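Quick note: the coordinates plus some simple rules give every number you see, no bench work behind them. Computed from a predicted structure; not experimentally measured. No Cβ is skipped: glycine too gets one built from the backbone with ideal geometry, and neighbour counts run over all protein chains shown.
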Amino acid sequence: MVFFGRIYFMLTISVLAALSYSQFVFAEIFKCEIEGKLVMQDIPCPDGVEQSSVDVVIKNDHPKVDPHAYDESQFSDWENALIKAGKVEVGMSVEALEQSWGWAIKINRSAYGPEQWVFRDGMYGQRYAYVRDGKVVNWQD
């Protein structure tokens, strides 16, 4: 079972990598029935297992966007100054937060508190912004 999990993981990574470089991705997926379970993989089925193939075309119509490019008219003078300085303050919108610190690598949610947005800070460090209702309510770096 671990073998098939690895194949699924590798297939997923391959498809995601291809999506980032091409507008269209073509892939052949093999459908196998192994131990009564349907298995889909990117390599032919083992000997003695019935196999069929599926041609998959995935269209990537999301344009590549520079996460640091932004339209200053979308933000207040206060937020633009923070974005240009790479700083975050309480009251800042999440859109301005992303322009200032980049994309969050993880968002932790809890039942009662604000969301914790985790950002990379250098090679190994992390910094955090706490968000409620689309606004920064606290931060930590």
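When a/c reaches 1.5 or more, the comparison of a/b and b/c decides; with that in mind, is segment 72-140 rounded, prolate or oblate per its Cα gyration tensor?
Judged from the Cα gyration tensor, segment 72-140 comes out oblate (a/c at least 1.5, b/c at or above a/b).
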What list of ³J(HN,Hα) couplings, whole Hz, do you get for segment 116-126 from phi and the Karplus terms 6.51, -1.76, 1.60, once you set θ to phi - 60° and write x for glycine and proline? 9, 9, 9, 10, 6, 10, x, 6, 10, x, 9
Residue order, fewest to most beta carbons within 10 Å, for MET123, MET40: MET123, MET40
Ranked on Cβ counts within 10 Å of their own Cβ, fewest leading, TRP117, TRP78, TRP139 go TRP78, TRP139, TRP117
Check: C-alpha center segment 73-95 vs C-alpha center segment 106-129, spacing in Å is 18
